[in-house]
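The values are calculated or read from the model by the stated rules, or taken from the named source; none is laboratory data. What you see is a predicted model; the values in this text were computed from it and never measured. Every residue, glycine among them, receives a Cβ derived from its backbone with ideal geometry; neighbour counts consider all protein chains shown.
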Amino acid sequence: RPVLGVVERPSVIPLSQAQSRMWFINQFDTSSPAYNIPLAVRLSGALDVVALEAAVGDVLVRHESLRTTFPVVGELPRQLIGSVSDVAVELAVVELDAGGVQERIVADAAAGFDVTVDVPFRASLYRVGVDEFVLAIVVHHIAADGASMAPLAADVMVAYGARVAGGVPGWEPLAVQYADYTLWQREVLGSEDDPGSVVSRQLEFWSGVLADVPDVLPLPIDHPRPSRQSTMGATTKFEIPADIRNALMRLASQYDSTLFMVVHAALALLLARLSGTEDITVGTPIAGRGEA
């Protein structure tokens, strides 16, 4: 298959499969924070705000995806990568009581993005004490995932160290940008108009597997489903004793499986018994990182 690398880009860059899904969901409700990814870093000591602003700007220059919007051209969205010259970061220091910083960060994370016009990145800086600061960053999932946040924080700190020393970060340019990956993915998957393409074969397979899946699993719930999804939920914590965990690991090993697959099978069986149907579909989030 084609090698993932830097390629010549067309005048209109399409979205990747994952970006298309994120764009579709975002345009249903641009105020929703469901796909916002927050990051907060506490900074102690004398802080050079100007250097930090420059460092955040360095990171936006380095990663095209953080300065990409997704407007509609004709009938379809496109990737519009913002110019480096348009990257301007202003970190106005906001004074906050230390007890209120978490509430403020949550409020930051709860503000939505309209990815057709908003770059999927924003940053705020809060002073919570003498030489105590919190840098709060929010990125939309169309540009990053959970695994992106540690490298993002590291890049900011590397750039800040260079700026404080009066220089610029000396990192090597990225081998590929996300737009390069998008074009590579399109080439690998092929066109839906070609019945022999990878994407056509995948669509045919999953359309058959999911053909008769019920819209709603008839579970014996204790209250009716709301007419509009609220995204509100709760967490129930429990412990699995060590002897049961070890038994599950032995079972997984016996069938060349994983602990996840064994627990997934148990969940499917439970849902089948509760609902009285064998047509069980369980959605599982994955990183989808098939390439570096």
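Every residue in the stretch 1-24 that is without any contact (Cβ under 8 Å) to a residue 12 or more places away in the chain and surrounded by 15 or more Cβ atoms within 10 Å (Cβ to Cβ), please.
Passing the criteria: none in range.
Within the set of pairs 6+ apart or on separate chains, which have a first residue in the stretch 64-85 that is not assigned by TED's automatic domain parsing to the domain that holds ALA123, a second that is part of a strand (DSSP E or B) and surrounded by fewer than 18 Cβ atoms within 10 Å (Cβ to Cβ), and C-beta atoms under 8 Å apart?
none
Is there a residue being free of Cβ contacts under 8 Å to residues at least 60 places away in the same chain and buried (at least 16 other Cβ atoms within 10 Å of the Cβ) anywhere in the stretch 34-55?
Yes, there is a match, as at least one residue in the stretch 34-55 is free of Cβ contacts under 8 Å to residues at least 60 places away in the same chain and buried (at least 16 other Cβ atoms within 10 Å of the Cβ).
Here's the yes/no breakdown for (1) among the charged types (D, E, K, R); (2) more than 22 Å from ASP48 (Cβ to Cβ):
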{"position": "GLU103", "(1), (2)": "yes, yes"}
{"position": "ASP108", "(1), (2)": "yes, yes"}
{"position": "GLY112", "(1), (2)": "no, yes"}
{"position": "ASP155", "(1), (2)": "yes, no"}
{"position": "ALA159", "(1), (2)": "no, no"}
{"position": "ALA165", "(1), (2)": "no, no"}
{"position": "GLN177", "(1), (2)": "no, yes"}
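Return the only residue of LEU52, LEU47 being closer than 15 Å to ARG163 by Cβ, part of a helix (DSSP H, G or I) and either among the charged types (D, E, K, R) or touching a Lys or Arg at 6+ places or on another chain (Cβ under 9 Å) (or both). It would help to see each step written out before you state the result.
Values: LEU47 fails: part of a helix (DSSP H, G or I).
Result of the check over LEU52, LEU47: LEU52.
When residues of the stretch 172-190 are filtered for being surrounded by 13 or more Cβ atoms within 10 Å (Cβ to Cβ), at negative phi, not in a helix (DSSP H, G or I) and not aliphatic (A, V, I, L, M), how many remain?
Going through the stretch 172-190 one residue at a time, the tally reaches 1.
Kindly evaluate THR281 against the criterion of being surrounded by 10 or more Cβ atoms within 10 Å (Cβ to Cβ), more than 30 Å from the chain's Cα centre (by Cα) and in a loop (DSSP other than H, G, I, E, B). It would help to see each step written out before you state the result.
Numbers: surrounded by 10 or more Cβ atoms within 10 Å (Cβ to Cβ): yes; more than 30 Å from the chain's Cα centre (by Cα): no; in a loop (DSSP other than H, G, I, E, B): yes.
No: the conditions fail for THR281.
Listed here are the residues, each with its yes/no results for (1) of a type in the set (Asp, Glu); (2) outside the structural domain of ALA34 (by TED's automatic domain parsing); (3) within 30 Å of SER16 (Cβ to Cβ).
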residue: PHE205; (1), (2), (3): no, yes, yes
residue: ASP243; (1), (2), (3): yes, yes, no
residue: ASN246; (1), (2), (3): no, yes, no
residue: ARG250; (1), (2), (3): no, yes, no
residue: MET261; (1), (2), (3): no, yes, yes
residue: LEU271; (1), (2), (3): no, yes, no
residue: GLU291; (1), (2), (3): yes, yes, yes
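Can you find a residue in the stretch 1-17 that is modelled with pLDDT of 95 or more and assigned to a helix (DSSP H, G or I)?
No: the stretch 1-17 contains no residue that is modelled with pLDDT of 95 or more and assigned to a helix (DSSP H, G or I).
On the given criteria, is VAL61 under 25 Å from ASP180 (Cβ atoms), assigned by TED's automatic domain parsing to the domain that holds GLN102 and among the aliphatic types (A, V, I, L, M)?
Here the answer is yes, as VAL61 does meet what is asked.
Applying the selection to the stretch 122-154, what residues are part of a strand (DSSP E or B), under 23 Å from THR69 (Cα atoms) and touching a Leu at 6+ places or on another chain (Cβ under 9 Å)? Before you say what the answer is, go through the steps one by one.
We begin by selecting, within the stretch 122-154, every residue part of a strand (DSSP E or B); these are 122-129, 132-140.
Subsequent filtering for residues that are under 23 Å from THR69 (Cα atoms) retains 122-124, 136-140.
Result: ALA123, SER124, ALA136, ILE137, VAL138, VAL139.
Which one is nearest to VAL3 (Cα to Cα) among residues in the stretch 191-212 that are aliphatic (A, V, I, L, M) and surrounded by 11 or more Cβ atoms within 10 Å (Cβ to Cβ)? First the steps, then the outcome.
At the first step, the residues of the stretch 191-212 found to be aliphatic (A, V, I, L, M) are 198-199, 203, 209-211.
If we keep only those that are surrounded by 11 or more Cβ atoms within 10 Å (Cβ to Cβ) as well, we get 198-199, 203.
Working: VAL198: 16, VAL199: 18, LEU203: 24 Å.
Among residues in the stretch 191-212 that are aliphatic (A, V, I, L, M) and surrounded by 11 or more Cβ atoms within 10 Å (Cβ to Cβ), the one nearest to VAL3 (Cα to Cα) is VAL198.
Looking only at residues that are of a type in the set (Phe, Trp, Tyr) and without any contact (Cβ under 8 Å) to a residue 60 or more places away in the chain in the stretch 178-236, which one is farthest from ARG78 (Cα to Cα)?
Let us first name the residues in the stretch 178-236 that are of a type in the set (Phe, Trp, Tyr), namely 178, 181, 184, 205-206.
Narrowing the set further to residues that are without any contact (Cβ under 8 Å) to a residue 60 or more places away in the chain leaves 205-206.
Details: PHE205: 28, TRP206: 26 Å.
So, considering only residues that are of a type in the set (Phe, Trp, Tyr) and without any contact (Cβ under 8 Å) to a residue 60 or more places away in the chain, the one farthest from ARG78 (Cα to Cα) is PHE205.
Results for (1) under 26 Å from the mean Cα position of the chain (by Cα); (2) small (Gly, Ala, Ser), shown as yes or no for each residue.
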| site | (1), (2) |
| --- | --- |
| GLY166 | no, yes |
| VAL176 | yes, no |
| TYR181 | yes, no |
| GLN185 | yes, no |
| LEU203 | yes, no |
| VAL209 | no, no |
| VAL216 | no, no |
| LEU219 | no, no |
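Quick one: in the stretch 77-101, of everything that is part of a helix (DSSP H, G or I) and either surrounded by 13 or more Cβ atoms within 10 Å (Cβ to Cβ) or of a type in the set (Gly, Ala, Ser) (or both), which residue is nearest to the chain's Cα centre (by Cα)?
Just the residues of the stretch 77-101 that are part of a helix (DSSP H, G or I), to begin with: 84-86, 98-101.
Right, trim to either surrounded by 13 or more Cβ atoms within 10 Å (Cβ to Cβ) or of a type in the set (Gly, Ala, Ser) (or both) and you get 85, 98-101.
Numbers: SER85: 26, ALA98: 29, GLY99: 29, GLY100: 27, VAL101: 24 Å.
Across the stretch 77-101, the extreme among qualifying residues is VAL101.
Which condition from (1) under 30 Å from GLN102 (Cα atoms); (2) in contact with a helix residue (DSSP H, G or I) (Cβ under 9 Å, 6 or more places away or on another chain) is the one that GLN185 breaks?
All conditions are met except number (1).
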